[in-house]
Every structure is written in structure tokens, then in C-alpha cells.
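Engineer: Pasting a structure below so you can have a look.
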Amino acid sequence: MIGVFDSGIGGLSILRALRAELPDENFIYIADSGHAPYGERDDAHVMVRARALTAHLVGQGIDALVVACNTATAAAIHRLRADYPQLPIIGVEPALKPAVALSRTGRIGVMATRSTLNSVKFQQLLASLEGQAKFVLRACDGLAAAIEKSVANTAGGAAEIAASCALHTGAMGRFGNGPGDIDTLVLGCTHYPFATEVLRDLLGRQLRLVDTGEPVARQTRARLPARPAGRLSQAPLTLLSTGHPEVLQAAARRWIAPGITAQALDIPSALLPGH
Ligand code: DGL
């Protein structure tokens, strides 16, 4: 069984790739919507939540953990690995290196949460690519929340995603294929792939969009022992939300499988190793 968590529905973009790569695997997914968003909160909050969710998943007997959230990976993965040295723990980070390989103009946009962009981990990644491209960074405050809202069918949700994307990409400069244009856009938050169509409508079909689902899924497979045949489970996917399960359920029905259901689950922050 593989545990996966995010602050909300964004990690479903990673789960979708994981299920395609590992179709026989049991997954248990937690949307920590009752304690979201992570990207505009302080690191201490994200650390406490990441540790509590991981403790819960470890208690369920997971064989591996995928932190399907860039913000939580940046703030807490080092601590989770220290807490559970035997557990394979795979994180996600903005795909800057693949973007360098794709870009022709050498100008790359990076959309991520404020916390991710401010993190030491991200700054180190950026420094490691110095001189290889020009990165235009944008902290997309409000965009993950707008994506959550649109799934909840809140009136105006879709318009809010479009407005948020227009605001943030408008501040990044010109997109296109000419000299000095941004031709490649890194989606550095697992919620943002769900705004792909909006971004394409806004910025043009030729834009190269880079997300992390497939590479993370391949990396997860590589970290697992070879799977014996006939391991197919009766209940391959459990979806849990610390907020409103109907939002997770609606998103999963849209992006993972029709007819799927989600349950509510309270995970107190005090559920830490040693408590
Ligand atoms: N999906 C998360 C990420 O990848 C963050 C969304 C939030 O701000 O909670 O960074």
C-alpha cells in the first residue's frame, strides 16, 4: 500500500500518474483540506501537518509514501525521512531541470506557492541551474484555493481560476517563442495541472507546460521492490479528507475514476511520533 498526501485535491494530479504507472497498487490518499492551504502558511504549520499525516499513514501499514505537494516536500521531507528512515519517501519539486531541456528561448516561468519559492530547498535547486536559463518566478497566491473552489462548484469558481491565472501570468512578462519570450512554464504546485486548459487558452497552445506527475510515478516504482503478480486488490483506492470529503470526491470523479467515493477523517496535529 502506498500513502499519498497533499493539502487538498492537487495531489490527485500525482495520484493519477501513480495509478497509471503502478496499476496493481493499493493507494490511500489524504487531502488535508481542513488545514489548507499550505502554501501561504508558515513552515511550522506545514511541518506539523506533514508529520501528523505521515504518522497516520504509517499506522495504516504503508510500504511507501509520496508527498504529493511541493510545499510540504520543501518544508518537511527531510524531517519525515529522519522520522522513518526505513520507509521509501518520494517528494515532488518544481521540474526546473526538464524545463531547461525543453526551452528554446531560455526563458522559463515558474508558478509555485510562496512557501515553495522561499524555501531553502528550492533556492538550492535554482542555484544549481545558474546560468543555464533565466527563470521568472511567481508566487501564485490564491490559485490553489481557486482550484479547490471550482471543484466544489462554488459559483464563480471557474472564473476565479481564470482571473487568478491571468493576474499571475500577466505579471511574469511576455509568453511566446520569440527572443526574450517565456516559452516554457513550470507548474510547481500539484494543484496547477488542473488549470492547464485555462493556461493554454490564455497563453497559447504552443506553450510548453511542465508538471511532475510522470517523473514522480517512475521514481516511486524504482523505489519499490519488484511487485509479485496477482497482487490486484479489491479496494485499490481509499480517499480521505480532513475537510469536506465531497470536494475530494467530486475532483476524484472528474480526474481519477467515475463513481469513486471519499470519506471524512480527522487527523489531529498532535499525532506525532513519540507522542
Ligand atoms: N498542492 C500544494 C503544492 O504542491 C500546495 C497548495 C497549497 O497552498 O495548499 O505546493
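The values are calculated or read from the model by the stated rules, or taken from the named source; none is laboratory data. No experiment lies behind these values; they were computed from the predicted model shown. Quick reminder, even Gly has a Cβ in these numbers, built from the backbone with ideal geometry, and neighbours come from all protein chains shown. Accessible surface is based on the protein model in full, side chains and every heavy atom, while ligands, DNA and RNA are left aside. Shrake-Rupley method; radii C 1.70, N 1.55, O 1.52, S 1.80 Å.
Engineer: Can you compute the helix-only [θ] at 222 nm over the chain? Use -39500 (n - 2.57) per DSSP H run of at least 4 residues, normalise by all residues, nearest 500 deg cm²/dmol.
Structural biologist: After summing the helix terms and dividing by the residues of the chain, the value is -12500 deg cm²/dmol.
Engineer: Tell me whether region 1-119 comes out rounded, prolate or oblate; compute the Cα gyration tensor, take square roots of the eigenvalues as a ≥ b ≥ c, and use a/c under 1.5 as the rounded threshold.
Structural biologist: It comes out oblate by the Cα gyration axes.
Engineer: Residue by residue through region 184-196, which ³J(HN,Hα) values in whole Hz follow from phi under the Karplus form 6.51 cos²θ - 1.76 cosθ + 1.60 (θ = phi - 60°), with glycine and proline marked x?
Structural biologist: 3J(HN,Hα) across region 184-196, in whole Hz: 9, 10, 8, 8, x, 9, 5, 6, 5, x, 6, 10, 3.
Engineer: How large is the charge dipole for region 1-91, taken about the Cα centre, if only the Cβ atoms of Lys, Arg (+1) and Asp, Glu (-1) carry charge, to the nearest 20 debye?
Structural biologist: 100
Engineer: Here is a follow-up. If contacts are Cα pairs under 8 angstrom and at least 6 residues apart, what is the relative contact order of the chain in percent?
Structural biologist: 29 percent.
Engineer: Something else now. If you average 1/r over all unlike Cα pairs in the chain and invert the result, what Kirkwood radius do you get in angstrom?
Structural biologist: So the Kirkwood estimate lands at 18.9 Å.
Engineer: Further question on the same structure: Residues in region 35-55, backbone N under 17 Å from the label point at Ala270 (7 Å along the Cα-to-beta-carbon vector): list them, ranges by number please.
Structural biologist: Under 17 Å, as judged by backbone N against the label point of Ala270, lie 48-49, 51-53, 55 of region 35-55.
Engineer: Once you list every other residue whose beta carbon is under 12 Å from the beta carbon of Ala139, what net charge do they have if Lys and Arg are +1 and Asp and Glu are -1?
Structural biologist: 0
Engineer: Between Arg174 and Asn118, with labels modelled 7 Å along Cα→Cβ, what's the label distance in nm to one decimal, could you check?
Structural biologist: Placing both labels 7 Å along Cα→Cβ, they lie 3.3 nm apart.
Engineer: Taking a spot 7 Å from the Cα of Ala166 along the direction of its beta carbon, which residues of region 183-217 have an amide N less than 11 Å from it?
Structural biologist: 202
Engineer: With every protein chain left in place, what is the accessible area per residue of region 122-183 in square angstrom, probe 1.4 Å?
Structural biologist: 48
Engineer: Taking amide H positions as placed in the peptide plane 1.01 Å from N, state which residues far from Thr238 in sequence (5 or more) or on other chains have amide H under 5 Å from it.
Structural biologist: Phe27, Ile28, Tyr29
Engineer: Which FRET efficiency value, to the nearest 0.05, is calculated for Ala226 and Ala20 with the Förster distance at 30 angstrom and r the Cβ-Cβ distance?
Structural biologist: Here the calculated transfer efficiency is 0.95.
Engineer: Another question, then. How much length is gained on full extension from Arg81 to Glu130, taking 0.36 nm per residue of separation minus their Cα-Cα distance?
Structural biologist: Computed gain between Arg81 and Glu130 is 14.8 nm.
Engineer: While we're on this one: With the cut-off at 1.5 for a/c, could you classify region 71-171 from its C-alpha gyration tensor as rounded, prolate or oblate?
Structural biologist: Taking the square roots of the gyration eigenvalues as a ≥ b ≥ c, region 71-171 is oblate.
Engineer: Quick one: which residues, 5+ away or cross-chain, put their amide H under 5 Å from the amide H of Ala64? H built at 1.01 Å from N.
Structural biologist: Gly3
Engineer: Right, next: By a straight-distance test (C-alpha under 24 Å), which lysines pair with Lys121 as possible cross-link partners, with residues fewer than eight away in the same chain excluded?
Structural biologist: Straight-line reach from Lys121, under 24 Å: Lys97, Lys134.
Engineer: Rounded if a/c is under 1.5, else prolate if a/b beats b/c, else oblate: with a ≥ b ≥ c from the C-alpha gyration tensor eigenvalues square-rooted, which is region 98-241?
Structural biologist: Cα axes put region 98-241 in the oblate bin.
Engineer: Run the accessible area of the chain with a 1.4 Å probe and give the carbon-and-sulfur part as a rounded percent.
Structural biologist: Answer for the chain is 52 percent, counting heavy atoms of protein chains only.
Engineer: Also, quick follow-up: Enumerate the amide H contacts of Phe175 below 5 Å, restricted to partners 5 or more residues apart or on another chain; note that Pro and chain-start residues carry no placed amide H.
Structural biologist: Excluding prolines and chain starts, which carry no amide H, the hits are Ile182.
Engineer: Placing +1 at every Lys and Arg Cβ and -1 at every Asp and Glu Cβ, with all other atoms neutral, what dipole size does the chain have around its Cα centre, in debye to the nearest 20?
Structural biologist: Dipole about the Cα centre, nearest 20: 580 debye.
Engineer: Evaluate the distance, in nm, between pseudo-label points positioned 7 Å from the Cα of Arg218 and of Arg200 along their respective Cα→Cβ axes.
Structural biologist: For the pair Arg218/Arg200, the computed spacing is 2.2 nm.
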